[in-house]
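See structure below.
The values are calculated or read from the model by the stated rules, or taken from the named source; none is laboratory data. Because the structure is a prediction, the values reported are computed rather than measured. Cβ sites come from the backbone with ideal geometry, for glycine too, and all protein chains shown count toward neighbours. The protein model used for the area step is the full one, side chains on, heavy atoms only, and it has no ligands, DNA or RNA in it. Shrake-Rupley method; radii C 1.70, N 1.55, O 1.52, S 1.80 Å.
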Amino acid sequence: MNEATEKKKVIFSAVKPTGALTLGSYAGALKNWIAMQNAYECFYCVADMHSITVRLTPADFRKNTIEMLAMYLALGVDPEKCTLFVQSHVPAHAELSWVLNCNTLYGEAKRMTQFKEKSKKDPDNVNVGLFDYPVLMAADILLYQAEFVPVGQDQKQHVELARNIAQRFNGRYSPTFVLPEPVMPEYGAKIYGLQDPLSKMSKSDGNPNDCVYLADDADTIMRKFKAAVTDSGTAIKYDSAAKPGVSNLLTVYSVFSGVAVEKAEKEFEGCGYAEFKKRVGEAVCEFLRPVQSEYRRLLADKAYINSVMKNGAEKASRVARRTLSKVYRKVGFIALE
Ligand code: AMP
């Protein structure tokens with residue numbers, strides 16, 4: 001590491017491959033990842049260990065992991081500029097998470113709203129991993145001494161938990177971890193469903209028409225946008241309380257066209273809802289056309305994907321092991337001579 005890179009602040013972020021990436025994953029997280037990789041030391045991963053809190057078919061799960069990595073690359077995540085890896089290839093994540101479990105209070109983990117929501121959605125599979133996954137997420141972040149964590153709104157509370165755990169560990173032993181902060185986009189921190197503009201667009205649950213996947217073909221994307229729910233009235237104005245459907249569509253348009261929301265409102269003045277929805281869909285298709293062709297090319301290049309995973313795992317492991325050794329020493333584990 002030269003002096004210039006040493007000075008760069010560290011970013012960590014991940015997405016779990018429980019399903020394919022959506023417009024929401026891009027808006028809330030990946031768009032920021034790509035913007036940040038030039039100025040920061042970035043660690044980005046496919047969080048496969050987080051995925052098994054839900055039941056997945058192993059063959060589909062393996063496919064999702066590779067497709068997610070290929071989509072990151074196609075969107076512009078550059079393994080020459082950042083460290084890109086698959087979480088289970090770096091055992092330090094599981095190892096640190098055990099130490100952090102012993103420094104996390106049951107009461108604070110129980111307050112996590114995602115745990116409450118997900119337990120309600122799938123009451124037959126409320127496993128200990130689902131309860132504990134924010135602690136594994138804290139390990140992900142703290143291993144790399146990340147200062148910033150680009151996330152959507154739903155993950156803000158988990159980054160705050162990671163910060164509290166780090167603070168507790170630093171106070172109990174001695175300064176060890178950098179305290180992380182969530183970074184959220186001004187618009188797009190929460191993209192809502194196209195059929196239900198009051199709930200988050202989610203890749204792994206809900207109505208498939210509610211959610212647009214980055215790998216959806218153009219006809220499917222246009223069909224989903226044409227069927228999107230709007231609001232009463234005719235104005236195309238950003239007002240998330242009074243006009244959640246229109247505001248969500250304006251946000252999507254802004255994220256994918258690069259036009260600021262205020263400017264987009266002017267652009268759509270006097271436009272009917274049908275035409276508005278069509279133009280939002282077209283902006284998304286236009287953005288995704290070159291991305292999808294690169295995605296297909298990458299998926300066919302297994303050797304390249306394997307080399308990205310291998311190099312990424314080696315780079316990430318080197319940094320992660322440094323933090324883990326420090327932690328093991330501080331808690332009093334005996335190092336082998
Ligand atoms: P997940 O899909 O839960 O692994 O989340 C991956 C990242 O994308 C996290 O930073 C989430 O906060 C973000 N994200 C997921 N869904 C959305 C959404 N609908 N809107 C904005 N951000 C999202």
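Please work out the FRET efficiency for the pair Q153 and K263, using the Cβ-Cβ distance as r and a Förster radius of 25 Å; give the result to the nearest 0.05.
0.60
Can you give me the solvent accessible area of V10 with a 1.4 Å probe, rounded to the nearest 10 Å²?
30
Structure shown: which of K63/K118; K31/K243; K63/K120; K243/K278 lie over 21 Å apart, alpha-carbon to alpha-carbon?
K63/K118; K31/K243; K63/K120
About its Cα centre, what dipole magnitude does region 114-226 give when the only charges are +1 on Lys and Arg Cβ and -1 on Asp and Glu Cβ, stated in debye to the nearest 20?
About 280 debye.
For a quick check, take a GNM of the chain with Cα springs below 10 Å and name the residue from T22, T57, T83 with the largest mean-square fluctuation.
Between T22, T57, T83, it is T57 that shows the largest mean-square fluctuation.
Would you look at the GNM of the chain, springs on alpha carbons closer than 10 Å, and say which of A316, A29, A235 moves the most?
Judging by the Gaussian network model, the answer is A235.
Mind listing which GluC sites (Glu not before Pro) in region 66-104 are in a DSSP loop and have 14 or fewer other Cβ atoms within 10 Å?
For GluC sites (Glu not before Pro) across region 66-104 that sit outside H, G, I, E and B with at most 14 neighbouring Cβ atoms in 10 Å, the list reads E80.
Contour minus end-to-end for A218 and K116, with contour as 0.36 nm per residue of separation and end-to-end as the Cα-Cα distance?
33.1 nm
Would you kindly enumerate the cysteines in the chain that have no other Cys beta-carbon under 4.7 Å from their beta-carbon?
C45, C102, C211, C271, C285
With the other protein chains left in place, how much accessible area per residue, in square angstrom, belongs to the chain at a 1.4 angstrom probe?
48
At a 1.4 Å probe, what is the % contribution of carbon and sulfur to the accessible area of the chain?
53
Among C271, N164, Y72, pick out the residue whose Cα is farthest towards the positive end of the charge dipole of the chain, where Lys and Arg carry +1 and Asp and Glu carry -1 on C-beta, about the Cα centre.
Ranked along the dipole, the leading option is N164.
Could you give the size of the charge dipole of region 208-297 about its Cα centre, using +1 on the Cβ of each K and R and -1 on the Cβ of each D and E, expressed in debye and rounded to the nearest 20?
140
At a 10 angstrom cut-off on C-beta neighbours, averaged per residue, how do the peptides 252-259, 173-180 rank from highest to lowest?
Result, highest mean Cβ count within 10 Å first: 252-259, 173-180.
Say the dipole of region 178-337 comes from +1 at the beta carbon of Lys and Arg and -1 at that of Asp and Glu; which of P244, A283, L214 then lies farthest toward its positive end?
Ranked along the dipole, the leading option is L214.
Can you sort M71, M49 by 1.4 Å-probe accessible area, starting with the largest?
Most to least solvent-accessible, the answer reads M49, M71.
If you build a Gaussian network model of the chain, linking Cα atoms that sit under 10 Å apart, which residue out of R321, R296, R172 swings the most?
Per the Cα network of the chain with a 10 Å cutoff, R172 tops the list.
Want the number for R168 to S325: 0.36 nm per residue separation, take away the alpha-carbon distance, what's left?
Roughly 54.7 nm would be gained on extension.
Please label the shape of the chain as rounded, prolate or oblate, based on the square roots a ≥ b ≥ c of the eigenvalues of the alpha-carbon gyration tensor (a/c under 1.5 means rounded; beyond that, a/b larger than b/c means prolate, else oblate).
Since a/c reaches 1.5 and a/b is larger than b/c, the shape of the chain is classed as prolate.
Please find the FRET efficiency linking I334 to R55, where r is the Cβ-Cβ separation and R0 is fixed at 51 Å, and quote it to the nearest 0.05.
0.85
Going by Cα centres, region 245-272 and region 148-176 are how many Å apart?
About 35 Å separates the Cα centre of region 245-272 from the one of region 148-176.
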